[in-house]
1. How many angstrom lie between the Cα centre of region 119-175 and the Cα centre of region 57-115?
2. Nearest 20 debye, what's the magnitude of the dipole of region 64-147 about its Cα centre given +1 on Lys and Arg Cβ and -1 on Asp and Glu Cβ?
3. Quick one: how many Å² of Lys274 are accessible to a 1.4 Å probe, rounded to 10?
4. Projected area of region 136-219, taken from the Cα convex hull and averaged over every viewing direction, in nm²?
5. Could you give the nm distance between label points at His276 and Val9, where each point is 7 Å from its Cα heading toward the beta carbon?
6. So if I place +1 on the C-beta of Lys and Arg and -1 on the C-beta of Asp and Glu, and nothing else carries charge, what would the dipole magnitude of region 3-149 be about its Cα centre? I want it in debye, nearest 20.
7. Please report the antiparallel percentage of the DSSP beta bridges confined to the chain, to the nearest 5.
8. Taking the Cα centre as origin and putting +1 on Lys and Arg beta-carbons and -1 on Asp and Glu beta-carbons, what dipole magnitude results for region 167-315, to the nearest 20 debye?
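The values are calculated or read from the model by the stated rules, or taken from the named source; none is laboratory data. Computed from a prediction, not measured in an experiment: that's the story for all the values here. Note: ideal-geometry Cβ built from the backbone for every residue, glycine included; neighbour counts use all protein chains shown. Ligands, DNA and RNA are excluded from the accessible area calculation, which covers all protein heavy atoms including side chains. Shrake-Rupley method; radii C 1.70, N 1.55, O 1.52, S 1.80 Å.
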Amino acid sequence: MTTTLSRPVSGPFEKTPGWLDWYDGPAKPAFVLPAGAVDAHCHVFGPGAEFPYAPERKYTPCDAGKADLFALRDRLGFTRNVVVQATCHGADNAAMVDACLSSGGRARGVATVRRSVSDAELERLHAAGVRGVRFNFVRRLVDFTPKDELMEIAGRIARLGWHVVIYFEAADLEGLWDFFTALPTTVVVDHMGRPDVTKPVDGPEFGLFLRFMRENPNVWSKVSCPERLSVTGPKALGGERAPYRDVVPFAARVVAEFPDRVLWGTDWPHPNLKDHMPDDGLLVDFIPAIAPTAALQRKLLVENPMRLYWPEEAV
Ligand code: 0GY
């Protein structure tokens, strides 16, 4: 099979300097994904000429549209995508919604909304396949949104059966704990709360994150983004095809302790990477290192995301 992914540009926009383009020649993974696997964290960017980037954005990405996302899905062996609204599109969900609507039911979405969103707009998003909202607390990505506004949004989307995706840095978990534990929905943490993987997996920082999951059975985690968390980088050791070895103990611990509350995604097209751009095929080969049995792999890649995003089809 040949898959041609187009070279990225930024439409009429000037790409943020130092930004790496996503890699358009991903290796075919050695790990064969289970049937029905879901890439539960990925984005679409633009294309900017059709879906302009938000004026309040903190970066301008290279275009990465739905056709490229679907080509990657097929090349890697995924069946479905969960398209997460990226901050460069602000609360204009048009590109993400267009991807969901063009997917033939094979993509669902996570939106960003403001307090001013109408009930009719929430219904429209639901009909398009949106099943969650994202609250972002990473300061380099977004300006502060008052917590009372976020809690109000959470209350409204709870009535639709949606969940809240939260993105934050490990050092901020303690300060955000009371807000997070008051959320009335399922709560999905992006990238394990971004642990500092140079610290011990049994140390106090990651210990707090594990306690957060242990004490709050409504909290799930994406065990994704080793390429962002790794300090040792993508080089596999000893000829293995599992890169990002320093992230493995963290992700493997979460999968082992909470097998029914974990999700995995590529994070394509990998915004804000400046050191290296991962090969998504090799990222897939990271999966068996963190979910070593077929049963865990099925939960991580099929059963859990289906329960959350396609509950009407989940077995
Ligand atoms: C990710 C991570 C990042 C960016 C965004 O919405 C975004 O802009 O999520 C990041 O820069 O760490 O999950 O895509």
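1. 16 Å
2. Details: 14 positive and 8 negative charges, 72 e Å.
Charge dipole of region 64-147: 340 debye, to the nearest 20.
3. Rounded to the nearest 10, that gives 110 Å².
4. Values: hull surface 22.5 nm².
Averaged projected hull area, Cα only: 5.6 nm².
5. Modelled inter-label distance: 3.0 nm.
6. 440 debye
7. Roughly 5 percent of the beta bridges in the chain run antiparallel, per DSSP.
8. My answer is approximately 280 debye.
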